[in-house]
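Structure record follows, encoded as structure tokens.
The values are calculated or read from the model by the stated rules, or taken from the named source; none is laboratory data. Note that the structure is a prediction, hence the values are computed from the model and not measured. Every residue, glycine as well, gets a Cβ built from its backbone with ideal geometry; the counts of neighbours run over all protein chains shown.
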């Protein structure tokens, strides 16, 4: 039996009185191209941040490749091979592309700067940004900034095998991009897994129809803190589940107020 890369067991998370995740169970397997969809504010991004180790659940456990997360990355925990691409790219304006992409290695690893620069250039080449290391974020288009963020997510420390990249998490990676730039990012996301084997699986939060169609093969629908539906993407589109029907049709009539 194939073991999951990621497993959430009974994970709950609240912000003040609002319970965003309510006893969530989830398994993500090698080869999964997982779309996390649902109405705004239903905990989709929170799921990613819990997996990435950016948030600690109030209760429940998170396992990455069978290893339990005991603390957050901020508290000093390893990434456990999980990279994340943020909605707004989250690049430092005062740093070059090279310094942004290699930020974690420059700050925390024992690798010499020349080696880090070499690794950064390799990742920039993979995402289609060769020769941009000395540029600043302000000199990049929106699509290029997304690619730089992706290069940062796939850059790992080769001296630490515990952090070999196993999964990439994408939080609205095509938000704010024009249709052509979106397609380029969508194709890149798909190719990194299925053509280049950069990662073993990915999960992507999105509301964009083209992104769902071009990047996902499995869908989970999140609503009211729980996973309400889990199945193949094509089955989601023809499902009679009232939440899915309303979401894909954009109707204001239905169970989602």
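Some values worked out for this structure:
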item: Counted residues, the range 28-57 - those being surrounded by fewer than 16 Cβ atoms within 10 Å (Cβ to Cβ) and under 25 Å from residue 232 (Cβ atoms); result: 4
item: Test: residue in the range 59-73 that is touching a helix residue (DSSP H, G or I) at 6+ places or on another chain (Cβ under 7 Å), surrounded by 17 or more Cβ atoms within 10 Å (Cβ to Cβ) and closer than 21 Å to residue 230 by Cα; result: yes
item: Meets criteria (exposed (fewer than 12 other Cβ atoms within 10 Å of the Cβ) and either farther than 30 Å from residue 24 by Cα or out of contact with any helix residue (DSSP H, G or I) (no Cβ under 7 Å at 6 or more places or on another chain) (or both)) for residue 137; result: no
item: Qualifying residue in the range 155-168 (condition: surrounded by fewer than 19 Cβ atoms within 10 Å (Cβ to Cβ), closer than 20 Å to residue 49 by Cβ and touching a residue at least 60 places away in the same chain (Cβ under 8 Å)); result: yes
item: Count of residues meeting criterion [in a loop (DSSP other than H, G, I, E, B) and surrounded by fewer than 15 Cβ atoms within 10 Å (Cβ to Cβ)] in the range 233-243; result: 2
item: Helices (runs of 4 or more DSSP H) contained in the range 1-120 and holding at least 2 residues closer than 28 Å to residue 194 by Cβ, out of contact with any strand residue (DSSP E or B) (no Cβ under 9 Å at 6 or more places or on another chain) and in contact (Cβ under 8 Å) with a residue 12 or more places away in the chain; result: 97-101, 103-108
item: Selection within the range 195-222 - touching a strand residue (DSSP E or B) at 6+ places or on another chain (Cβ under 9 Å) and more than 25 Å from residue 142 (Cβ to Cβ); result: 200, 201, 217, 218, 219, 220, 221, 222
item: Residue among 186, 139 that is out of contact with any strand residue (DSSP E or B) (no Cβ under 8 Å at 6 or more places or on another chain) and under 28 Å from residue 43 (Cβ atoms); result: 186
item: Matching residues in the range 74-103 - criterion: being buried (at least 20 other Cβ atoms within 10 Å of the Cβ) and either at positive phi or over 19 Å from the mean Cα position of the chain (by Cα) (or both); result: 80, 81, 89, 97, 98
item: Test: residue 181 is farther than 26 Å from residue 7 by Cα, touching a residue at least 12 places away in the same chain (Cβ under 8 Å), buried (at least 22 other Cβ atoms within 10 Å of the Cβ) and in contact with a helix residue (DSSP H, G or I) (Cβ under 9 Å, 6 or more places away or on another chain); result: no
item: The range 184-200, subset touching a helix residue (DSSP H, G or I) at 6+ places or on another chain (Cβ under 7 Å) and within 15 Å of residue 5 (Cα to Cα), residue surrounded by the most Cβ atoms within 10 Å (Cβ to Cβ); result: 199
item: Some residue of the range 125-134 being in contact with a strand residue (DSSP E or B) (Cβ under 9 Å, 6 or more places away or on another chain), modelled with pLDDT under 95 and surrounded by 17 or more Cβ atoms within 10 Å (Cβ to Cβ); result: no
